[in-house]
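Enquirer: Quick one: this structure, given as structure tokens, is what I'll be asking you about.
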Amino acid sequence: MNEQPRFQDKKLPRTFSGHHGLAHETGLIFEHGREDFTGVDIDPPQNFKPRLGGLERQSPLGLPGLSEPECLRHYVRLSKQNYAIDAGLYPLGSCTMKHNPRLNEKMARLPGFSDIHPLQPFSTVQGALQLMEALSHWLITLTGTEAVALSPKAGAHGEMCGMMAIKAAIAARGEAATRKVVLAPESAHGTNPATAAALGFSVRPIPAGADGLVHPEAVAAALGPDVAAIMLTNPNTCGLFERNIVEIARLVHEAGAYFYCDGANFNAIVGKVRPGDLGVDAMHINLHKTFSTPHGGGGPGAGPVVLSSRLAPFAPVPFLRRDGEKLVLVEEKEGSQSFGRMAAFHGQMGMFVRALTYILSHGGDGLAMASENAVLSANYLRVCLKDVMSSPFAEKLCMHEVLFDDHWMKDSGVTVLDFAKAMIDEGIHPMTVYFPLVVHGAMLIEPTESESAAFLEMFVATLRDLAFSVKGGDVERFTGAPYYAPRTRLDETGAARKPVLTYKKPIGEREPPAA
Ligand SMILES: *Cc1c(COP(=O)(O)O)cnc(C)c1O
């Protein structure tokens, strides 16, 4: 059970029920339910003879049985301990946790989109195919590229798709055996080297300069006839625009390699820069970041990949084809050297609807304004906090996220993790911490364009108050935090190293072992 909050004046009495106020504790569902209990009333089958040849289950499945209200309350109580973008700010750098407009949800629930099946005849889903065509057009136009594959189901899956197109292009040139290396800056998101490695490439890291940028000289030094591609994030994970990107693209192409751009940070530049103009050959777009579809529990991800004319022939199937008035999905196309299929069916339709709704409700100028405001918000935080927190790039304009390090808390007895936990007590979800790895004790803050100026001021005031506590030596405010959360400091290392993933009944309640 929870410790008493540290800042409470009086020690609060222990409660009989174990609940605190109307915020209910809820145990595991197995602890509520009973295995002999079911909400479904069906007579056991008569004269039933299993036809599984002795493979049928001998012991009970052991699922907890609960009535509908018990089950509902369990999950509602859990959900109230959870934090969500609909409850407050989520300043996770690199994640673009922007507001998910309700209009998106309304459109996605239209039966013509929500109740269709991917195997329905094309003549019955023309509206859905038109939506995919319109979204494709917007993504291609906003990125200045040639083609788009809508089917990948997350950013990382999009990386895989783009790199599979690159692998196919290299194989088509007869260089599969020689070009086995992918270049990735040290500041790259972990998915970049993981994608390259999963496809059988080895990864050659590129050091960043002291200014946080990748320099053409460093890329040139790493390029060679063994290099298949570079994977570069722009704006990069330090929140800076890679100013040398055109020169880097030129060097990469001159060496016979391809340019994969990690587009997770596209929110900073939509409507301002077209990655295709910078020399990018492939880039994924996280619809759940830039185009406001829900992250995680709110719905599945979608990571469409745009491709330059160099890679378009290798795009995965299916292709959307227009025959006069009619749209169809086909597996063959003149000149295609497709590497195959990325996913069953055609991608996350519900996310396509949400993303296109967001795009159309903003329009081209509105999308550019969203990017401008995202960048403005991040720079506002940078300027308001740089006198109390340190940053290697404090004086530089940042893009849509601002990066601080832990230099300013050196020898204070407070770590970045402690600081993040104390933010929870203040009702603020922590920023991304310890990423990117190139900066010691990184704190990466991405406010997005969703937050009002008034709220950003409150955020600044809270962080300044916390920073003054660090400097003033109030270590206790941090080391035991969070004091006010439903659970206090957890053993995160233990949870990661020794996770308990299956429920075991406490000793004494277990059935005797089967004979
Ligand atoms: C989020 C992110 C990814 C991975 O995207 P998912 O949709 O989470 O798979 C890759 N690179 C960067 C820089 C990111 O921020």
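Enquirer: Tell me, what is the percent relative contact order of region 104-359, built from C-alpha pairs under 8 Å that lie six or more residues apart?
Expert: Values: 496 pairs, mean separation 73.3, N = 256.
Reported as a whole number, the value is 29 percent.
Enquirer: Now, a different point. Counting each DSSP H run of 4 or more residues in the chain as -39500 (n - 2.57), what helix-only mean residue ellipticity at 222 nm follows after dividing by all residues, to the nearest 500 deg cm²/dmol?
Expert: Numbers: 14 runs with 166 residues, N = 515.
When only DSSP H runs of four or more count, the value is -10000 deg cm²/dmol.
Enquirer: Going by how many other beta carbons lie within 10 Å of each one, how would you line up Asp405, Asp43, fewest first?
Expert: Numbers: Asp405 19, Asp43 5.
So the ranking, lowest neighbour count to highest, is Asp43, Asp405.
Enquirer: Output needed: percent of Cα pairs per 5 Å distance bin for region 386-457, bins running from 0 to the one holding the longest distance.
Expert: Computed distribution, short to long bins: 3, 14, 24, 28, 20, 9, 2, 0.
Enquirer: Among DSSP beta bridges lying fully in the chain, give the percent that are antiparallel, nearest 5. Could you put the intermediate results ahead of the total?
Expert: On the way: 19 of 35 bridges.
About 55 percent, rounded to the nearest 5.
Enquirer: Note the full-extension length gain between Ala87 and His440 as 0.36 nm times their separation in residues minus their Cα-Cα distance, in nm to one decimal. Mind dumping the intermediate values first?
Expert: Numbers: separation 353, 0.36 × 353 = 127.08 nm, distance 3.07 nm.
Difference between extended and current length: 124.0 nm.
Enquirer: Plugging the Kirkwood radius over Cα pairs into Stokes-Einstein for region 286-343, at a temperature of 37 °C and a viscosity of 0.692 mPa s, what D comes out in µm²/s?
Expert: Working: Rh = 13.5 Å.
Result for D is 243 µm²/s.
Enquirer: Still on this structure, please answer the following. For region 104-359, restrict the atom set to alpha-carbon positions and state the Rg and Dmax in Å.
Expert: 18.1, 58
Enquirer: At a 10 Å Cβ-Cβ cut-off, how would you order Leu150, Leu199, fewest neighbours first? Walk me through the numbers before you get to the answer.
Expert: Working: Leu150 26, Leu199 15.
Ascending number of Cβ neighbours within 10 Å: Leu199, Leu150.
Enquirer: Next up: Would you kindly state how much longer the chain becomes between Phe345 and Gln130 on full extension, computed as 0.36 nm times their sequence separation minus their alpha carbon distance, in nm to one decimal?
Expert: Values: separation 215, 0.36 × 215 = 77.40 nm, distance 1.63 nm.
Residue separation times 0.36 nm, minus the Cα-Cα distance, leaves 75.8 nm.
Enquirer: Relative contact order of the chain, please, whole-number percent, based on alpha carbon pairs below 8 angstrom and at least 6 residues apart.
Expert: 17
Enquirer: Calculate, in nm to one decimal, what Lys471 and Lys180 gain on full extension: separation in residues at 0.36 nm each, minus their alpha carbon distance.
Expert: Values: separation 291, 0.36 × 291 = 104.76 nm, distance 4.97 nm.
Between Lys471 and Lys180, full extension yields 99.8 nm more.
Enquirer: May I ask you to order 90-103, 274-287 by the average number of other C-beta atoms within 10 Å around their residues, highest value first? Spell out each step's value before the answer.
Expert: Details: 90-103: 20.6, 274-287: 24.4.
Descending packing order for the listed peptides: 274-287, 90-103.
Enquirer: Further, regarding this structure: Please compute the net charge surrounding His440, taking Lys and Arg as +1 and Asp and Glu as -1 over other residues with Cβ under 15 Å from its Cβ.
Expert: Details: positive: Lys410; negative: Glu186, Asp405, Asp406, Asp411.
For residues surrounding His440, the net value is -3.
Enquirer: Continuing with this model, one more query. Is the shape of the chain best called rounded, prolate or oblate, per the rule: a/c under 1.5 gives rounded, else a/b larger than b/c gives prolate, else oblate, with a ≥ b ≥ c the square roots of the Cα gyration tensor eigenvalues? Before the final figure, lay out the partial values.
Expert: Working: a/c = 1.74, a/b = 1.13, b/c = 1.54.
Oblate.
Enquirer: Please give, to one decimal in nm, the separation of the simple spin-label points placed at Lys333 and Leu320, each 7 Å out from Cα toward the Cβ.
Expert: Result for the modelled spin labels: 1.1 nm.
Enquirer: Please report, in whole Å, how far the alpha carbons of region 364-493 spread along each principal axis, starting with the longest.
Expert: The Cα atoms of region 364-493 stretch 48, 32, 28 Å along the principal axes, largest first.
Enquirer: Within a 10 angstrom radius of the beta carbon, how do Ser136, Ser202 rank from fewest other beta carbons to most? Before the final figure, lay out the partial values.
Expert: Working: Ser136 19, Ser202 12.
Ordered from fewest to most neighbouring Cβ atoms within 10 Å, Ser136, Ser202 come out as Ser202, Ser136.
Enquirer: His19 label point, 7 Å along Cα→Cβ, cut-off 17 Å on backbone N: hits in region 477-498?
Expert: Residues 486 qualify, since their backbone N sits under 17 Å from the label point.
Enquirer: For Val203, enumerate residues with amide H under 5 Å from its amide H, sequence gap 5+ or separate chain, H modeled in the peptide plane.
Expert: Val182
Here, each number is a calculation from the coordinates, and none is a lab measurement. For clarity, every value in this text was computed on a predicted model and none was experimentally measured. Cβ atoms come from the backbone with ideal geometry, glycine included; neighbour counts cover every protein chain shown.
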